[in-house]
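Everything below concerns the one structure shown next.
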Amino acid sequence: MKWSEKLHQGNCQILKLSLGSRLIIVFAALLFGRNGFCQLNLNSTEVDEIIGRSAKFIVELQSNENSEGGAYKGEWPAYMQMRKAFVLLGTRSLYYDSNAFTTLAIHNSLAESVLTDSTLNYLKPALNSAYECAQAFQSEGQYNFWRLLEPNRPDLLGDSARVRRPSHFKLGSGFINNAANVVNDADDTSAGELAEFYQFKMGLIESNPKSRNTYNQVYLNYTDTNRCNLHWFNFIKDGNRHYGAYLTWLGQEKCIGKRFYLPRILANNFIFFLPKSICYPEPGKPYIPYGANDLDAVVNCNVLLARSIKIADEGMSRSDSCAVAYITQKIKRKKWSTAGIYYPNRYAIHYFVSRAYRSGIKDLGEARNRCLSHLVKTQNSNGSYTGRNRVNQGDPVQNTVYAALALLNMADPASQEHKAALDQAMRYLLLSVNTDSQSRSYWNAGVYFSGGTVVRNNLFFQSESLTTALVLEALVKYRAKYM
């Protein structure tokens with residue numbers, strides 16, 4: 001029986017009532033909020049079944065071989081979507097995209113489920129295949145978002161060159177072809193390092209990654225200190241100052257002299273499409289967008305999560321403390337939707353803070369408390385959480401699973417308020433499940449991350465497998481803790 005059908009049985013047989021009675025009940029439910037009338041009891045047997053069906057969906061959607069269409073063995077389907085036309089990027093479109101970040105995110109979420117519940121050990125072959133797939137994006141211990149592929153425009157570089165670029169998204173102008181060839185980044189590298197540690201914990205590789213001297217060290221070379229440039233988005237959101245936290249891109253940004261510093265930054269961004277601007281990408285050369293590195297609170301959460309193993313042994317570095325301060329400041333200022341340049345969903349920051357906090361970064365205590373308070377106060381009456389309408393029409397499933405995992409990772413065990421919010425969020429997710437023709441369970445793809453800055457509310461990266469993996473993780477953790 002579908003979970004949506006449960007609304008019409010047991011405690012909630014409102015369809016049998018007259019229209020007037022139904023209107024009274026609906027009004028009362030709205031009045032009393034999430035403690036209203038229609039409550040769906042969570043049945044452990046049915047939760048077990050839906051866990052099994054969603055795991056089956058994820059395993060069977062994973063690519064088993066390299067295909068001529070551009071899918072690679074070990075990855076899951078992911079899409080790069082333009083919601084509306086944008087200068088240089090083209091018209092509204094949807095393309096399959098082979099990228100490291102989605103594959104690693106699914107791997108790490110599934111690994112959390114396996115490490116929580118050993119009955120899911122049958123997922124290990126899929127995890128091993130995903131990890132091997134991700135190594136194609138790795139070079140000298142760092143990870144890139146895209147693979148090295150032949151250029152989309154051979155006329156710019158020649159047939160023998162290889163560049164980083166999307167696997168299917170159509171790149172038109174020379175500018176956008178050159179700009180797609182991005183440098184390695186902290187987000188993908190932290191996800192890759194975390195995946196390697198999970199592989200070790202699950203017994204899939206023998207060597208402990210933290211035994212390497214280079215493990216977790218690369219981020220320390222790219223911090224918001226002693227810089228000679230400033231990203232325009234950070235300038236607008238944070239002002240003309242440097243925080244010492246971790247930067248997104250693992251590469252050298254273009255330098256601007258100290259004389260007329262701010263006017264020159266603004267001028268270069270204004271003429272970004274001209275070769276004389278420091279923002280202009282060069283053919284064949286790895287590129288940092290706009291020529292300037294940026295500061296993103298979610299990226300800093302991910303770096304802290306990856307570094308938590310090192311921090312447990314050696315303590316917090318100055319950069320770790322600066323990262324905590326930057327994240328906390330964003331949350332204190334209630335920058336829920338803009339704390340992450342590349343994460344437009346309102347409740348993304350709650351989820352990523354919770355992962356770092358749960359891993360042992362207790363200095364995030366103030367950020368954790370404020371996130372929990374916000375989760376309790378802003379839950380919708382039906383148990384969901386929603387963001388801005390322009391991001392996937394509020395993206396209720398993705399925002400709700402972020403909120404549910406945040407509560408599971410860092411809620412106060414003694415708080416009835418936290419437990420009530422979690423219960424309602426889990427009910428909403430169970431009511432939102434889809435069933436395909438093969439009786440597999442899945443959830444509609446939400447926005448995991450975006451193109452950032454000017455396209456952060458337009459160019460989205462989504463995957464049904466990823467959203468389903470996150471809900472599966474929430475169900476597994478909820479079952480282990482409360483059922």
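The values are calculated or read from the model by the stated rules, or taken from the named source; none is laboratory data. These figures come from a predicted structure and were not determined experimentally. Neighbour counts run over all protein chains shown; Cβ positions are idealised from the backbone, glycine included.
Values for this structure:
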read-out	value
Selected residue [modelled with pLDDT of 95 or more, assigned to a loop (DSSP other than H, G, I, E, B) and assigned by TED's automatic domain parsing to the domain that holds residue 406] from 363, 294, 320	294
Selection from the stretch 211-223 of residues that are in contact (Cβ under 8 Å) with a residue 12 or more places away in the chain, part of a helix (DSSP H, G or I) and surrounded by fewer than 13 Cβ atoms within 10 Å (Cβ to Cβ)	221
Members of the stretch 140-174 that are of a type in the set (Ser, Thr, Tyr) and either surrounded by fewer than 16 Cβ atoms within 10 Å (Cβ to Cβ) or at pLDDT 95 or above (or both)	143, 160, 173
Qualifying position, being farther than 23 Å from residue 99 by Cβ and without any contact (Cβ under 8 Å) to a residue 60 or more places away in the chain, among 376, 476, 433	376
Residue identified as surrounded by 15 or more Cβ atoms within 10 Å (Cβ to Cβ) and of a type outside the set (D, E, K, R) among 208, 240, 226, 177	177
Enumeration of residues in the stretch 345-356 that are over 10 Å from the mean Cα position of the chain (by Cα) and not aromatic (Phe, Trp, Tyr)	346, 350, 353, 354, 355, 356
Enumeration of residues in the stretch 432-461 that are in contact with a helix residue (DSSP H, G or I) (Cβ under 7 Å, 6 or more places away or on another chain), surrounded by fewer than 18 Cβ atoms within 10 Å (Cβ to Cβ) and of a type in the set (Gly, Ala, Ser)	439
Residue ID - nearest to residue 202 (Cα to Cα), chosen from residues in the stretch 112-153 that are more than 21 Å from the chain's Cα centre (by Cα) and part of a strand (DSSP E or B)	139
Candidates 71, 85, 126 - the one that is farther than 16 Å from residue 467 by Cβ, aliphatic (A, V, I, L, M), crowded, with 19+ Cβ neighbours inside 10 Å and without any contact (Cβ under 8 Å) to a residue 40 or more places away in the chain	71
Odd one out for residue 189 among (1) in a loop (DSSP other than H, G, I, E, B); (2) among the β-branched types (Val, Ile, Thr); (3) at pLDDT 95 or above	(1)
Any hit, the stretch 88-101, residues being part of a loop (DSSP other than H, G, I, E, B), among the aliphatic types (A, V, I, L, M), touching a helix residue (DSSP H, G or I) at 6+ places or on another chain (Cβ under 9 Å) and surrounded by fewer than 17 Cβ atoms within 10 Å (Cβ to Cβ)	yes
